[in-house]
Amino acid sequence: MITIETARKLLLSLPETEERSHFERPDFRVKNKIFASLHQDKNYIMAKLTTVDQSVFCAFDDTIIFPVPGGWGRQGCTFLNLKKIKKAMFMDAVTTAWKTTAPKKLVQQYFGDEI
């Protein structure tokens, strides 16, 4: 289990990430682009993944990581259940979302060829 505060700290530990608000919901951005948002009412983080990455993560356990219902989910938006997810899996998913959203030069700067 990951608490909301721990999730917030882990998200903010990613390079050049800042927390803002979108429709009164905390979100996390890199270069002003949202890669994750906090759904405090459900204890979920939404991570913005590609549909391929989403299918890989969701194959692990669909009670822990699963598509957001509706159209957003079909575009790669994925819920991470903070009550069930382990820290390593959480960091892998949100780092993937960060890399998907950040400009390629920034990804290269912080992660090199590790994409």
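Below are the figures for this structure:
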quantity: Surface per residue (accessible, 1.4 Å probe) for segment 1-75, Å²; calculated: 59
quantity: Test item: Cα-centred dipole of the chain, Lys/Arg +1 and Asp/Glu -1 on Cβ, debye; calculated: 140
quantity: The chain, accessible surface, carbon-and-sulfur percent (1.4 angstrom probe); calculated: 54
quantity: Under the span-like rule (Cα at least 15 Å along the axis, Kyte-Doolittle mean at least 0.0), DSSP H helices of the chain; calculated: 87-101
quantity: Electrostatic dipole magnitude of segment 49-115 [Cβ: Lys, Arg +1; Asp, Glu -1; Cα centre; debye, to 20]; calculated: 200
quantity: Span from the segment 82-114 Cα centroid across to the segment 21-51 one, whole angstrom; calculated: 14
quantity: Mean ellipticity per residue at 222 nm, deg cm²/dmol - from DSSP H runs of n ≥ 4 across the chain, formula -39500 (n - 2.57); calculated: -11500 deg cm²/dmol
quantity: Answer label, with mean projected area of the Cα convex hull in nm² calculated from the coordinates and candidates [x] 8.1; [y] 6.7; [z] 7.1; calculated: [y]
quantity: For the chain: relative contact order, % (alpha-carbon pairs under 8 angstrom, 6 or more apart); calculated: 27
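The values are calculated or read from the model by the stated rules, or taken from the named source; none is laboratory data. This structure is a prediction, so every number in the text was calculated from the model and none was measured. We place every Cβ from the backbone using ideal geometry, glycine too, and count neighbours over all the protein chains shown. Ligands, DNA and RNA are excluded from the accessible area calculation, which covers all protein heavy atoms including side chains. Shrake-Rupley method; radii C 1.70, N 1.55, O 1.52, S 1.80 Å.
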